[in-house]
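The values are calculated or read from the model by the stated rules, or taken from the named source; none is laboratory data. This is a predicted model, so every value here is computed, not measured. Quick reminder, even Gly has a Cβ in these numbers, built from the backbone with ideal geometry, and neighbours come from all protein chains shown. We work out accessible area using only protein heavy atoms, side chains counted, and drop any ligands, DNA or RNA first. Shrake-Rupley method; radii C 1.70, N 1.55, O 1.52, S 1.80 Å.
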Amino acid sequence: MENLPFNFLGLEDKYSDYKKAKFIILPVAYDTTTSYQPGTRFGPEAILSASRFLELYDGELKTEAYKIGICTRSEMRPNLESPEQMIKEIEKIAAKILSDKKFLITLGGEHTITLGVIRAFKKFHRDFSLLSLDAHLDLRDKYEGTKFNHSCVMRRIHEEKIPILLAGTRSLSREEAEFAKKQNLKIFHHTEISKIALLTNEAIFSSNLESSNLHLIHSQQSKWQQEVISSLPTKKIYLSIDLDCFDPGIMPSVGTPEPGGFSWYEVTTLLFNLVLAHQIIGFDIVELSPNRANKAPDFLAAKLCYRLLGLIVKGSGLNI
Ligand SMILES: [Mn+2]
């Protein structure tokens with residue numbers, strides 16, 4: 001293992017060279033405004049570390065997405081001048097990668113980084129919307145003296161006139177609730193999702209678990225997933241995954257671990273169904289705040305990233 005290069009999946013040059021690679025991983029070690037438990041600046045490194053222990057073959061999808069080339073860029077360090085300056089730097093680097101016609105994956109770092117990435121995507125794509133899986137709405141106008149706090153990021157993206165859909169919400173302020181209502185934003189609170197899921201999922205899971213055929217489970221789109229997917233107003237989707245959307249039982253390594261949340265299978269089946277109906281143009285996985293004593297969350301984040309790459313390869317019809 002020591003001999004493997006330190007990049008996503010530990011890939012040799014043949015598969016990780018920038019020129020040849022289709023997928024570019026941009027690690028952004030930034031956590032200046034994280035409120036409760038700081039440490040998300042160590043998230044990208046922990047995801048890369050864990051990814052080197054993943055199987056290169058995704059047995060569930062029957063894909064080997066690495067063959068399409070995955071280049072890991074060197075880590076962006078925090079710009080301590082101001083959060084706004086950091087966002088500008090991210091936008092610049094992301095725009096360069098997109099101008100090279102690459103598929104960009106950003107690893108955080110705190111959620112604020114999504115704003116810089118979205119501003120870059122705006123230069124290259126028309127008509128896309130953002131799906132954010134997150135325990136929080138991140139719709140505050142200002143927090144702790146800055147408009148560029150991680151809990152304001154969806155408010156800023158909304159101001160960029162990108163349609164946003166937020167799913168997995170379990171915690172919000174009165175200000176955010178009122179803003180979302182006034183702006184008529186589509187929000188899937190986790191309690192509502194759980195209620196719909198309880199009513200519809202039980203039969204699906206109990207009938208298919210015995211066969212261990214996950215494809216069979218995937219092929220059954222549950223009602224809440226159907227509603228999320230059909231509420232997305234555009235074909236092109238930018239996906240932002242705040243890891244606190246997961247149940248803290250499986251994802252305790254986040255800045256603000258809210259009780260409740262998605263299971264691994266809920267998220268992966270949602271993503272499976274998302275690629276069937278939409279085109280994912282880019283994604284980020286943010287807010288991992290690693291804990292040395294528990295590596296399972298790092299591994300979850302790495303596997304989630306590779307699963308998404310496999311789904312995108314499969315969705316684009318490439319036979320790899
Ligand atoms: Mn969050």
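Projecting the Cα atoms of Thr40, Ala94, His136 onto the charge dipole of the chain (Cβ charges, centred on the Cα centre) puts Ala94 farthest toward the positive pole. Projecting the Cα positions of Ile162, His125, His111 onto the charge dipole of the chain (unit charges on Cβ atoms of Lys, Arg, Asp and Glu, taken about the Cα centre) puts His125 furthest along the positive direction.
For region 1-75, the Kirkwood estimate of hydrodynamic radius, built from reciprocal distances between every pair of different alpha carbons, is 13.5 Å. Amide hydrogen proximity for Ser289: with H placed 1.01 Å from N in the peptide plane, the residues at 5 or more positions away or on another chain lying under 5 Å are Val254, Gly255.
For the peptides 67-74, 267-274, the ranking by packing is 267-274, 67-74, with the highest mean count of neighbouring Cβ atoms within 10 Å listed first. Please report the net charge: other residues with Cβ closer than 15 Å to the Cβ of Ser51, K and R +1, D and E -1. Once all neighbours under 15 Å are counted, the net charge is -2. Of the cross-linked pairs Lys62/Lys96; Lys20/Lys236; Lys122/Lys181; Lys19/Lys295; Lys62/Lys101; Lys67/Lys314, those separated by over 22 Å at the C-alpha level are Lys62/Lys96; Lys20/Lys236; Lys122/Lys181; Lys19/Lys295; Lys62/Lys101. Evaluating 6.51 cos²θ - 1.76 cosθ + 1.60 at θ = phi - 60° for every residue in region 233-248, the Karplus couplings come out as x, 10, 5, 7, 10, 9, 10, 10, 10, 7, 4, 6, 5, 7, 4, x Hz, glycine and proline recorded as x. Solvent-accessible surface of the chain, averaged per residue with a 1.4 angstrom probe and all protein chains in place: 45 square angstrom. Of the residues Ser263, Ser51, Ser230, ranked by 1.4 Å probe accessible area with the largest first, the sequence reads Ser230, Ser263, Ser51.
Just grab the label-to-label distance for Ser231 and Glu178, each label 7 Å out from Cα along the Cβ direction, in nm (one decimal). The answer from the label model is 2.3 nm. Seen from Pro38, the other residues with C-beta closer than 14 Å to its C-beta sum to a net charge of -3, counting Lys and Arg as +1 and Asp and Glu as -1. Legend: calculated FRET efficiency, Ser316 to Lys142, from the Cβ-Cβ distance at R0 = 56 Å, rounded to 0.05, equals 0.90. Spin-label pair Ala296-Leu56: with each label point 7 Å from Cα along the Cα-Cβ axis, the two points sit 2.9 nm from one another. Taken over the chain, the alpha-carbon convex hull comes to 129 cubic angstrom per residue. Near Arg307, once Lys and Arg are set to +1 and Asp and Glu to -1 for all other residues with Cβ below 12 Å from its Cβ, the sum equals -1.
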